[in-house]
1. Could you grab the pairs with beta carbons closer than 9 Å, sequence gap of 6+ or different chains, first residue in segment 15-37 and over 19 Å from THR90 (Cα atoms), second one aromatic (Phe, Trp, Tyr)?
2. For segment 66-89, which positions are assigned to a loop (DSSP other than H, G, I, E, B) and within 15 Å of GLY43 (Cβ to Cβ)?
3. Considering segment 72-109 alone, what residues qualify as being modelled with pLDDT of 90 or more and of a type in the set (Gly, Ala, Ser)?
4. Going by the structure shown, is VAL48 modelled with pLDDT of 90 or more and under 20 Å from PRO94 (Cα atoms)?
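The values are calculated or read from the model by the stated rules, or taken from the named source; none is laboratory data. Model, not experiment: these values are computed from the prediction. Note that each Cβ is placed from the backbone with ideal geometry, even for glycine, and that neighbours are counted across all protein chains shown.
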Amino acid sequence: MTIPPNSVFTGMPAAFLDALGETGEVTIGGVPLDDPVRVIIRGPFGEVAGGAGYGEPGVNGMTPRASFAEADVPNISDGDKLTFRGVTWTVREPLPDGRGMVRCELERA
């Protein structure tokens, strides 16, 4: 049985991305999207963007992660690319959360 998404979550991806997101460039299937997308990045920012000055200091060994609005990254899959602050990352294990967001791990390309 499939449970349809609850309408209360309809505006949530935009709200989170507007408040917490930054701009990133995404390539899906080797083709760059026409426009940059909003993305929330979490992880050891010393590896994502040296000297960024924010993030989660003191967390060692955490795999960098990204969250996108599902509508912004149609058909994103393992091996696609994200460029964030001049660093290119490979998308690993993208997983829709059922509330309009896709979460994935990142690996330095």
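1. Close Cβ pairs (under 9 Å, with a partner that is aromatic (Phe, Trp, Tyr)) amount to LEU17/PHE68.
2. Within segment 66-89, just ARG85 meets the criteria.
3. Passing the criteria: SER77, GLY79.
4. Criteria not met by VAL48.
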